[in-house]
Structures are given as structure tokens and as C-alpha cells.
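Worksheet: the structure to be examined is printed underneath.
The numbers here are math on the coordinates, done by the rules we state, and not lab data. Note that this is a predicted model, so its numbers are computed, not measured. Note: ideal-geometry Cβ built from the backbone for every residue, glycine included; neighbour counts use all protein chains shown.
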Amino acid sequence: MASGEATSAEYIQHHLTNLTYGLDTQGNWAFAHETPYSMTFWTVNVDSMAWSIITGVVFAWLFYSGAKKATAGVPGPLQNAVEMIVDFIDDTTQSVFNHHNPLVAPLALTIFVWVWLMNFMDLIPVDWIPGLAAAAHIHYMKVVPTTDPNITMAMAFSVFALILYYSIKRKGMGGFFAELAFHPFPKLLMPVNLILEGVTLIAKPLSLGLRLFGNMYAGEMIFVLIALMFTGGIALGIFGGILQWGWAVFHVLIITLQAFIFSVLTIVYLTQAHDVEEEH
């Protein structure tokens, strides 16, 4: 869908709409062709799921290839990149997580690289892939999975499940409840403690998922708005090209920072889940 074939509002809405499959309001299972808002709750954003899987496969393939081609001699560019990322995440994990759990560092590595790759899709010109999809008669195609709150919150709640699991495993159900009910105020104020600590607990997945979604959605919106400038004539198009290049360079920092924050917060929250009162 080219911007010249629609109004600005339609162009923006098109680029920010997911390819949705599910049960529509007429009781039929189908793709949403006009608008996903005609669908019921039982739907899935096919494009978000597909690009999440594709970037996950790319991540696994790159690191598998890097490990398979590893040599004690002069390393190649791929081995250098893989070793640098692994060492960076391992050092970060060791500096924050002071317990023994062989899951945490690989989890942090997976989150960092996978989220970075999903974020990286935002650097592909906004009309390229949707244009190819339109040529194949696919009405919508959002290519940045992290601009979909379903993806970011699913990842956040997966981490949250691990937080609850290790909190109960390390402290026991009684210890976990006591942590929520008897801190920070005396036991007589247990209801107040439960409210405060409950909010703090629930804020963990929200801080993970919504922060990533908000930043990436805003970045995608800016790219879409800049793309509209290419329909305003030669002068505005040149200015839009300069803006797009500058924002893309700056966005490299944003996508990396957001992936790193998600990874580090995961490590921090799992560290808190492993901490018991005797260790403070």
C-alpha cells in the first residue's frame, strides 16, 4: 500500500494494523480484511507470531553456526560477534546474579539477542515488506513483533512465571507469603503490606512488557510519519530522507538499549526471587 494511494490517516492505520486471524463477529474463522476490530477475542496476530518465530530461528542459526565454526586459531567475524555477545551477557549476569542457577545467563542471552533481532525489523524501510505482502494479496503486515503488546507481554509474563517459581522454590510458600505480607511495615499492617508488595510484584511484568512495547511502537510511528514526507514533493522528500537516515542511526541505539534493559531487568528480578532474608 503506497502512501499516495490513501490518505495520511489511512496510510498510518494500515501500517500499524496487524494481520489478524480468528473468529469474527459473524461467527466465521477468517483473516480480517477490512479491520481487525471486527474480530472477537479469539484471534491471533499472524504477522507478529510469524516474525517472532523467524527472528528466533535466525538467532538460533547464527549462534549455532558461530559455535560450529569456532576455532582456536584466528576467529572469523561471526565467531567474534558471538563470543563478544556471550562474554558481555555473561559478565553482566555475574555482576548482578550472585546465586547458582545455570538457567539465568542463557535466558538473559536469549532475551537480549531475540529482542534485539525483533527490534531490528524496525530499521527495514516501512513500505518494503508491506508492499511485497500487498502484491501477494496480504492486506496487512506489521513486521516489528515488539510493537505488538501481545508479544512483549507474553515474554514478560513468561519471565514473571519464572520469578514466581524461583521465589516459591527458594523461600517456600510460607516464606514467599511472608515476604509479601510482613514487609516493609510491621505484621500488624499486613493488609497495607500486601497491597504495596502486591503492586510491586505485578509491576515487574508490566515494566518489562510495556516499556519495550511503548518505545518500539513510538519508534515505528516516527518512521511511518517520516515516510509520509516522501509524498510531499522533492524538497520535502529529500528532507524526509535525511530525517529517516538520522532517526535510523539513533534508533540503532534505542533497539539495543531496549533489548539490554529487558535482559538486565530479567536478571535483576530473578536475583530478587533467589534472595532469602538470611542472605540480606
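Quick rundown of the values:
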| read-out | value |
| --- | --- |
| Residue-wise HN-Hα coupling along segment 264-276, computed from phi with Karplus coefficients 6.51, -1.76, 1.60 (Hz; x: Gly, Pro) | 5, 4, 4, 4, 4, 5, 6, 5, 4, 5, 7, 5, 10 |
| Euclidean distance of C-alpha centroids, segment 39-66 and segment 138-189, integer Å | 22 Å |
| For segment 250-262, Karplus couplings with θ = phi - 60° (6.51, -1.76, 1.60), whole Hz, Gly/Pro x | 5, 5, 4, 5, 5, 5, 5, 5, 5, 5, 5, 4, 4 |
| Per-residue ³J(HN,Hα) for segment 184-197, Karplus 6.51 cos²θ - 1.76 cosθ + 1.60, θ = phi - 60°, Hz, x for Gly and Pro | x, 9, x, 4, 4, 9, 3, x, 5, 4, 4, 5, 5, 6 |
| Segment 165-277 shape via C-alpha gyration tensor axes, a/c threshold 1.5 | prolate |
| Answer label for log10 I(q)/I(0) by the Debye sum over Cα atoms at q = 0.08, 0.17 Å⁻¹ (calculated), chosen among (i) -0.45, -1.30; (ii) -0.30, -1.54; (iii) -0.34, -1.41 | (i) |
| The chain - mean residue ellipticity at 222 nm from DSSP helices (-39,500 (n - 2.57) per run, n ≥ 4, rounded to 500) | -24000 deg cm²/dmol |
| Shape of segment 49-169, Cα gyration tensor, a/c cut at 1.5 | oblate |
| FRET efficiency, 1/(1 + (r/R0)^6) with R0 35 Å, evaluated for Asp90 and Ile138 via beta carbons | 0.30 |
